[in-house]
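> One structure is given below, represented as structure tokens, and several questions about it will come after.
Readers should treat all values here as calculations from the given coordinates under stated rules, not as data from a laboratory. Just so it is clear, the model here is predicted, and its values are computed rather than measured. When we count neighbours, we look across all protein chains shown, and the Cβ atoms used for this are built from the backbone with ideal geometry, even at glycine.
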Amino acid sequence: MNTVAWLGSVAQHPRRVLLAVALATIIGLLLCIDPVTRTVRFHIDPSAEALLPVDDPGRAVLDQVRRTFGIDDPLIVAVRFEPSVYSTENLERIARLSAQFKQLPEVSEVFSLATAPNLLASGDEIDVTSFTDQAARDPASVQTFAAQILANPLYRSTLVSDDGTTAAFALSTTAALTPKQYVALDFDGQVRRAVQEVGGADAVYLTGTLPVRAATSGALDRTLRFTVPAVFAVIAVLLLVTFRSPMAAASALLAVAIALIWTVASAVLLGIEFNLVSAIVPPLVITIGLSYTIHLLAAHFLSRSVLPDVRDAQRADWVMKRISTGLTLSATTTVIGFLSLLLNPLPAVRGFAVLASLGTLYVGALTHLFLPALLNATGCNRETPPIATRVFGRFAELLTGFDLRWRRWIIGASALLIVGGFISASRIEGGADFINSFDEDTPVRQNFEAVANAFNGANFVTVLIDGKAPDALTNPALIDAVDSFQDWLRAQPEVGAAVSFVDQLKLTNLVLHNNEPLYFGVPADGAAVKQILLFASSEALNRVIDPQYRTAVISLRLNVDGSTAIGAFLRRAEARAAELPSPIDARFTGSAVLATRAVEALAGGHLASIAIAVVAIGALLSLMFTSIKAGLIATVPNIVPIAVYFGTLGALGIPLNPTTSLIACIVLGIAVNDTVHFLARFNADAREQGTEAGAVRSALGSVLRPITLATVCLCLGFLVFAGSELNNQRQFGGLAAWTLFVAWIVDMTLTPALGSRLRIVTLWDLLRLDLGKSPQHTIPLLSGLSMRQARLFALMSRLEKHPAGTRIIQEGDLSRDIYVVVDGAVEATIERNEERLVLSTMTRGAVMGEAGYFGQRRTASVDTTSPVRLLRFNSQDLERLRERYPSIAATVFRNLNRIQAERIARMTALLR
Amino acid sequence: MNAGRWLCLGLLAANLSAHADAATQKVLDCMRANIPPSLQIKEVELASVDRSGAERLLKGKVYVSRDSGLIRVLLRISKPNDLDGAAYLMREGGAGKKDDIFLYLPALQRVRKISGGSADAPLLGTDFSYNDMKQLQAAFGDSQTSLDKPTTIEQRPVHVLQLQPAAGSGARYSRVRTYVDQKTCVALKAEFFEGNSLRKELSAPADSLKRADGYWYLSDLLMRDVKENTSTRLKVVGVVGSEQELPSRLFDPTSFYRGN
């Protein structure tokens, strides 16, 4: 039983299919939702780390920093006081706030004017109390604080803004505080309530990796909550309007919803988290799924009008035969498009590829198996013609005329689009906005920008300095090198602040020497360095140098955002770091660094993925159409939208970022569906009608409506992303919709233009074709061919069925077709003096009409005496065969000659 | 008496709470009875383990004496070699006076009196801080002290003391819970809370309880910083004596220059 027959038989047992799908869906739901806790089992991870491989060097450095120093990017609370921070009242408020912040859950340390020691030397005594303590003890000392802070490299632009109006509180949190917990604990609210309670503040801003991640997570969550039902709603309306059958629309939506459940369940089973990239999968699966269902519904309702009086099972079988080739090819090419992303080095992209592929397979399978069963089970049998059928029919007529008349112009214009698109694409730059991904009026961005403006940057980068051996960083020569590197970093325009243990060492050395300026430096003796560090040891110092004095960190605050600017800085800084003396090395990490590296890795991998996808899809189409030429022709229409897409990016100055770099592969995988649907239909019609031009007309007439509806469905689905809070998601939706629209135009013009001269044979046809037992041995014309070659020849010809009593050839006609009897019987007769003389009876393998092939009139009539199947071909078919399959053509010509020679020999013998 | 006991209990009992009921007072009195007038520790080891699991070992001597009821403590480091001679001297100030802390760094040949917040800082990079102990003292002095339901540690019955500093006392910890062995009146465990979160935990195995000259002490204590994921183990290597008078020059910061 071949696949189509199997699918047909499956569709004939709707209850079994429905039961199996229901069971699988219940299991899927249990995987998605914990029935006991009623919580979802899948996770949303908005961090940049989630995009990077587990063994990524940058991630390993970040892990090492966390492990060694217990730090992550801090939470920055900036509180503005009017007119200035420097008053005893406001400093007292800062002390109270610091104490309150310290009580917040998972806060391990608060660095502020209340906790940072203001080292003051007086004779043999060193005062190590904080600014707020000193202010409380001696209010007059407050007047000196501004100057002291400006002179202190550790505190300048860190504890208080340069204009003195805003105090910063750097809250170190434990790893246990996740974005989810941050939201659940209402951390932001707790901070703001504390500020309100203490009073005196003019404004409060809260930023850092955690709030940004929490905001991203929330935005992703809301995007998913919005896009999934919105895509469903938009497409439900479209299906209702199109098919005018609520039951059909509900069935299609149910099939897609089930595919979505299975996809999310697969994510849970495979441990794939939803991140900035894979969050696209659910709406993508819905969109693709609904486009598939449109093709099936179109075929289903067509079957109602074409086969009004047959049983459901027969109708299901007919529907399967009509759509299975296109649908299978579509799903396969879409999956290839997604799987090409497996080459990407980022696990997040590979996770996306796996999930999107599974989702596509699920919707493909459900469209094949579940939806026909459901439609039959629910008795979905609207008899009214689908809406706009006539309009699409008329449009298809016009389009056919246009495509055939302007064939060369269409091909030329497409070539220009490809060239122009790729030229424009050369202007594309890789890069992604981080905070600018949010709208200007979103609190998370406003808070970030307020802190960045007050403190000259709010993007944190950590430089891990590794001395490779315990006590290495007490070596004065190496410390001097680190100090010099830090000075270089401070001089970079992107760096708002840079602090390290070296600052603390120098300051402590100064204070221990009664503030003699000469001692603001690194002690010349390693033992002195170690003793100063030991004296200065504190939780704060432990966060910048480890107790073994082997590794340390330089904390940078960058005043730029986005991967382009940060990437440029990192390249310069890493080149400078390479100049550090052995054994020291410096490695950069932090959320901004990881996000930058993730974006760069994505941009680097996308071209290879697209190339692989194009080649893989081309190869698949070549295999399916059993010809490289046909495969290439089917691939070309899909290169045009890709070129237009990249051209659009270049023209509009849109950078390649984690989402835009995925669009090409996604669109390639989806857009090829239209090509495949057209070519599959065209192939069948061309074989049936024997004329390519006619087949273009009928194929367009057949697929224009479902392809257009599917494209509308896909575009609307992607445009739903316009409702996302994140710019990159909106960009993704708009660009994907635009590219699919271009793909639709191309498939309605270029594909027919290219196909109008093409006779294709699909692998599907090849496998399905029945030429009887051993045709190469039982049909002389096919002698010497393999089974595959015999079938190819048959498919390049036309296989006709005729009932008994049909006249195949009329004596005296001018016709150049040759016939081969595949099965059944025919007899050749002539009429002489109104008398019908039977010349011969021919059965399987007999060749007739070859005289016509050589330009003669038909010398006899041929009629069927039983139901027959005939292979019919003419000189054009043989010429096409010669071009596409020369070895098959050579064998056929040889056999034809042999048959002719034998016939002449027999005739000669008769004459003798 | 020993440094471990001093570090854990010595200061606790120096200024007993006025807010304890009779039963609580009895426990506190019993604890104070473990403090001798003076002692000398031959050697202590402070093994600090950082977040990454790396260990740093400090060795030194601790001298403790009581002068008019006020405690004086000197910690002199002998190992590692590059810290040899570094010294930390703490002198209790008594009622209304602040404690004095002096530091000597031999490489700089400087003795400095430290005022202010360093008492909250890790003591020479360990997980112990002077104020951890002072906090307990303050809790005894200014806070509500109460006895909770007794429990057991390693099958030994223990009193559970809850110490709650008075609001505005400046105490770092919001609450300290101490588990005092009923037989020896030595705290086998103490928990230091910041808000509702456990910040540090001091613990000692029961078999580290030792007795010298009739005074109980712990020879092995572990201070664990729960939030920072670091710990320091303090081991008492040997006790020289607990009743002999220590020379006062040991607790004179100017003597550091002379290398005593």
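> Assuming R0 = 35 Å, what is the FRET efficiency of residue A:343 and residue A:745, from their Cβ-Cβ distance, to the nearest 0.05?
Efficiency computed from Cβ-Cβ geometry: 0.75.
> How many Cβ atoms of partner chains, on average, are near each residue of A:538-546 if near means within 10 Å of its Cβ?
Whole-number average of other-chain Cβ neighbours for A:538-546 is 4.
> Take residue A:693 and residue A:147, extend 7 Å from each Cα along the Cα→Cβ direction, and tell me the distance between the two endpoints in nm.
9.7
> Now, a different point. Within the range A:877-912, whose backbone N sits under 15 Å from a point 7 Å along Cα→Cβ of residue A:840?
A:896-911
> Using a basic spin-label model with each label point 7 Å from the Cα along Cα→Cβ, how many nm lie between residue A:568 and residue A:816?
For the pair residue A:568/residue A:816, the computed spacing is 6.7 nm.
> For residue A:442 and residue A:257 in the same chain, what is the full-extension length gain: residue separation times 0.36 nm, less their Cα-Cα distance, in nm?
63.4 nm
> I would also like to ask the following. Taking chain A as the reference, fit the longest principal axis to its C-alpha atoms, fit the long axis of helix A:787-796 to the helix C-alpha atoms, and give the angle between the two in degrees, 0 to 90, nearest 10.
Orientation of helix A:787-796: about 80 degrees from the principal axis.
> Further question: For A:468, A:530, which order do you get if you count the other beta carbons within 10 Å of each Cβ and list the fewest first?
With the fewest neighbours first, A:468, A:530 line up as A:468, A:530.
> Once every DSSP H run of n ≥ 4 in the protein assembly as shown is given -39500 (n - 2.57) and the sum is divided by its residues, what mean residue ellipticity at 222 nm do you get, rounded to the nearest 500 deg cm²/dmol?
Using -39500 (n - 2.57) per qualifying helix, the result is -16000 deg cm²/dmol.
> Let me know the mean shielding of B:99-108 by other chains, meaning the per-residue number of their Cβ atoms within 10 Å of its Cβ.
4
> Here is a further query. At R0 = 56 Å, how high is the FRET efficiency between residue A:909 and residue A:800 if r is their beta carbon distance? Nearest 0.05 is fine.
0.95
> Length gain on complete extension for the stretch residue A:628 to residue A:404, per 0.36 nm per residue less the alpha carbon to alpha carbon distance?
Here the answer is 78.3 nm.
> Treating the range A:468-583 as a set of equal point scatterers at the Cα positions, no solvent, please give the Debye-formula log₁₀ I(q)/I(0) at q = 0.14, 0.19, 0.23 Å⁻¹.
Computed log10 I(q)/I(0) values: -0.61, -1.03, -1.32.
> With 10 angstrom as the radius, rank A:120, A:620 by how many other C-beta atoms surround their C-beta, starting from the fewest.
Result, fewest neighbours first: A:120, A:620.
> Right, here's the next one. With r as the distance between the Cβ atoms of residue A:854 and residue A:611 and R0 = 45 Å, compute the FRET efficiency 1/(1 + (r/R0)^6) and round to 0.05.
After rounding, the FRET efficiency stands at 0.35.
> So, one more: How big is the protein assembly as shown by Rg and Dmax over its Cα atoms, in Å?
For the protein assembly as shown, the Cα radius of gyration and maximum Cα-Cα distance read 42.4, 154 Å.
> Can I ask one more? Along the Cα→Cβ direction, 7 angstrom out, place labels at residue B:211 and residue A:241. What is the inter-label distance in nm?
If labels sit at residue B:211 and residue A:241, their model points lie 9.4 nm apart.
> Place a point 7 Å from Cα of residue A:89 in the direction of its Cβ. Which residues in the range A:190-211 have their backbone N less than 11 Å from it?
Counting only backbone N, you get A:200-201.
> Can you give the average number of partner chain beta-carbon atoms within 10 Å of each beta-carbon in peptide A:107-113, as a whole number?
Per residue, the number of nearby Cβ atoms from other chains is 2 on average.
> Quick check: residue separation of residue A:876 and residue A:124 times 0.36 nm, minus the Cα distance between them. What number comes out in nm?
Between residue A:876 and residue A:124, full extension yields 259.9 nm more.
> Quick one: order A:122, A:424, A:702 by neighbouring beta-carbon count within 10 Å, fewest to most.
Lowest count first: A:122, A:424, A:702.
> Check the straight Cα-Cα distances from residue A:801 and name the lysines below 19 Å, setting aside those fewer than 8 residues away within the same chain.
A:321, A:773
> Angle between the Cα long axis of helix A:692-719 and the longest principal axis of chain A, 0 to 90 degrees, nearest 10?
Helix A:692-719 and the main axis of chain A meet at about 20 degrees.
> Which of the aspartates and glutamates could be linked to residue B:26 by a straight reach, that is with a Cα gap under 19 Å, when you skip same-chain ones fewer than 8 residues away?
Counting by Cα, and skipping residues close in sequence, residue B:26 has these aspartates and glutamates nearby: B:142, B:148, B:181.
> So, one more: I want the antiparallel fraction of DSSP beta bridges within the protein assembly as shown, as a percent rounded to 5.
Here the share of antiparallel DSSP bridges comes out near 95 percent.
> Moving on. Within the range A:633-647, whose backbone N sits under 17 Å from a point 7 Å along Cα→Cβ of residue A:426?
Counting backbone N atoms under 17 Å from the label point, the list is A:643-644, A:646-647.
> Can I ask one more? Roughly how tilted is helix A:407-425, in degrees to the nearest 10 and between 0 and 90, from the longest Cα axis of chain A?
10
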